[in-house]
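One structure is given here, and the rest of the page talks about it.
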Amino acid sequence: MEEHLPEFICRQAQRLIDAGIEQASAEVEWILCYLTDLDRLNLYLNGPTFINDNVMARFEEIMHRRMEREPLQYILEESWFYGRKFFVSPAVMVPTPETELLCETALRYMRICGHDNPTVLDIGVGSGVASVTIALEMPACRITAVDISEEALAVARKNATDLETPDNIDLRQSDFFSSIKVDEKFNLIISNPPYIADCEYADLSPEVKSDPKLSLLGGPDGLDAVRAIIAKAPDHLLPGGQLMFEIGYLQGEKVCALTENDDRYKSIVILKDLNDIDRVVVLSCRQ
Ligand SMILES: C[S@@+](CC[C@H](N)C(=O)[O-])C[C@H]1O[C@@H](n2cnc3c(N)ncnc32)[C@H](O)[C@@H]1O
């Protein structure tokens, strides 16, 4: 490589910026780390010796796809979540950092709830990021993870296997609670449901529009899935159990209104993400 690496990265990042991509330098570094199998520090220390004609040809292919606004995670078939690398394909939504707050909150609850083997139901498992993370961080818990999409379940199964998850995740095809037996009850129910209002779809970025619509769209006000989960969750929670789910921008007040006259819930807490946006709803069951 004749050019200095920082200059090369800067020049390539400008191509992505011109295509409307924001985190451009970080993405170029990610592509180069992927192609050279180096971490970021070693990329800057030793990268140029690894960047040969073959690497450059593959780099160009990836850049062309990315400039067409295909998500980098789909191109590289990888996405980082809670410090681990997950396989992703267009069959699943690209995991977002906001969902780490849901995992963190779920793990904190299970650490203090006092059960040796807490049970968890994950509705809409997708790539499996939440279930696999919880399974690895807390091997004693038992997780039932459902999705309506068989293709998504296949991705979650692959991630559970590739990341050597202990055998504590039961993956099932299910339309919300349809495959959960009447007497199946859990300490915790979690979900990152589809929560984009149908009318917001047109304004989404091309990258987000690459996610399966099934992962995104939640009906006219975005809350169809939330309503279905709130309606049924108390039937499947053990005494003292909690329901936690992710919500979208400005949905906090609407979710409070949905539960305020529901006697089965005794309290609601809404946690904000790093951008100070309402993000995770925690509902405690009365029972
Ligand atoms: C926003 S994605 C979340 C995926 C993953 N949990 C994550 O956080 O990255 C929502 C998931 O819910 C699934 N889903 C949509 N409708 C569903 C339904 N009626 N029953 C079960 N899962 C559903 C979608 O297939 C998708 O995988």
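Can you pull out the strands (runs of 3 or more DSSP E) entirely within the range 140-204 that have at least 3 residues that are within 17 Å of A91 (Cβ to Cβ), near the ligand (Cβ under 9 Å from one of its atoms) and assigned by TED's automatic domain parsing to the domain that holds H115? Talk me through it step by step, then tell me what you get.
Numbers: elements: 142-147, 169-173, 186-191.
The strands (runs of 3 or more DSSP E) meeting that bar are 142-147.
Of all the residues that make up the range 9-31, how many are buried (at least 18 other Cβ atoms within 10 Å of the Cβ), of a type in the set (A, V, I, L, M, F, W, C) and more than 22 Å from the chain's Cα centre (by Cα)? Reasoning before the result, please.
Going through the range 9-31, the residues buried (at least 18 other Cβ atoms within 10 Å of the Cβ) turn out to be 9, 12-13, 16, 21, 24, 27-31.
Okay, now just the ones that are also of a type in the set (A, V, I, L, M, F, W, C), so 9, 13, 16, 21, 24, 28, 30-31.
If we keep only those that are more than 22 Å from the chain's Cα centre (by Cα) as well, we get 9, 13, 16, 28.
Residues flagged as buried (at least 18 other Cβ atoms within 10 Å of the Cβ), of a type in the set (A, V, I, L, M, F, W, C) and more than 22 Å from the chain's Cα centre (by Cα) within the range 9-31 amount to 4.
Per-residue answers, yes or no, for (1) acidic (D, E); (2) surrounded by 17 or more Cβ atoms within 10 Å (Cβ to Cβ); (3) in contact (Cβ under 8 Å) with a residue 60 or more places away in the chain; (4) within 28 Å of G83 (Cβ to Cβ):
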{"position": "I169", "(1), (2), (3), (4)": "no, yes, no, yes"}
{"position": "S179", "(1), (2), (3), (4)": "no, no, no, no"}
{"position": "L204", "(1), (2), (3), (4)": "no, no, no, yes"}
{"position": "S215", "(1), (2), (3), (4)": "no, yes, yes, yes"}
{"position": "D221", "(1), (2), (3), (4)": "yes, no, no, no"}
{"position": "A231", "(1), (2), (3), (4)": "no, no, no, no"}
{"position": "L238", "(1), (2), (3), (4)": "no, no, yes, no"}
{"position": "L250", "(1), (2), (3), (4)": "no, no, no, no"}
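Which condition from (1) within 16 Å of the ligand (Cβ to nearest atom); (2) modelled with pLDDT under 95; (3) hydrophobic (A, V, I, L, M, F, W, C) is the one that I247 breaks?
The one condition I247 does not meet is (2).
Taking the condition farther than 27 Å from L72 by Cα, surrounded by fewer than 17 Cβ atoms within 10 Å (Cβ to Cβ) and of a type outside the set (A, V, I, L, M, F, W, C), does D162 pass?
On the way: farther than 27 Å from L72 by Cα: no; surrounded by fewer than 17 Cβ atoms within 10 Å (Cβ to Cβ): yes; of a type outside the set (A, V, I, L, M, F, W, C): yes.
No: the conditions fail for D162.
Evaluate the range 35-46: report whether one residue or more is among the basic types (K, R) and within 21 Å of E2 (Cβ to Cβ). If you could, list the steps in order and put the result at the bottom.
Keep residues of the range 35-46 that are among the basic types (K, R), which gives 40.
Checking which are within 21 Å of E2 (Cβ to Cβ) leaves us with none.
No, because not a single residue in the range 35-46 is among the basic types (K, R) and within 21 Å of E2 (Cβ to Cβ).
How about the range 1-117: which helices (runs of 4 or more DSSP H) wholly inside it have at least 1 residues that are under 25 Å from L163 (Cβ atoms) and in contact (Cβ under 8 Å) with a residue 12 or more places away in the chain? Working first, answer last.
Numbers: elements: 5-18, 24-36, 40-50, 53-67, 72-76, 98-112.
Counting at least 1 such residues, we get 24-36, 40-50, 53-67, 72-76, 98-112.
Looking only at the range 100-131, count how many residues are on the phi < 0 side of the Ramachandran plot and within 10 Å of the ligand (Cβ to nearest atom).
Residues of the range 100-131 on the phi < 0 side of the Ramachandran plot: 100-113, 115-123, 125, 127, 129-131.
Imposing the further condition that a residue be within 10 Å of the ligand (Cβ to nearest atom) reduces the set to 100, 102-103, 122-123, 125, 127, 129-131.
Qualifying residue count for the region: 10.
Identify, from the list D116, D122, the residue that is of a type in the set (D, E) and crowded, with 16+ Cβ neighbours inside 10 Å.
So the residue among D116, D122 that is of a type in the set (D, E) and crowded, with 16+ Cβ neighbours inside 10 Å is D122.
Looking at P97 and the list (1) outside the structural domain of I189 (by TED's automatic domain parsing); (2) within 13 Å of the ligand (Cβ to nearest atom), which single condition is not satisfied?
Exception for P97: condition (1).
I'd like to verify a number: residues in the range 205-217 that are more than 8 Å from the ligand (Cβ to nearest atom) and under 21 Å from V155 (Cβ atoms), how many?
Step one: list which residues in the range 205-217 are more than 8 Å from the ligand (Cβ to nearest atom), which gives 205-210, 213, 217.
Next, from what is left, pick out any that are under 21 Å from V155 (Cβ atoms): 207-210, 213, 217.
Looking only at that region, the number is 6.
Return yes or no: is V132 of a type in the set (V, I, T), outside any helix (DSSP H, G or I), surrounded by 15 or more Cβ atoms within 10 Å (Cβ to Cβ) and free of Cβ contacts under 8 Å to residues at least 60 places away in the same chain? Break it down stepwise before answering.
On the way: of a type in the set (V, I, T): yes; outside any helix (DSSP H, G or I): no; surrounded by 15 or more Cβ atoms within 10 Å (Cβ to Cβ): yes; free of Cβ contacts under 8 Å to residues at least 60 places away in the same chain: yes.
So V132 fails the test.
The values are calculated or read from the model by the stated rules, or taken from the named source; none is laboratory data. Because the structure is predicted, anything quoted here is derived from the model rather than measured. Neighbour counts run over all protein chains shown; Cβ positions are idealised from the backbone, glycine included.
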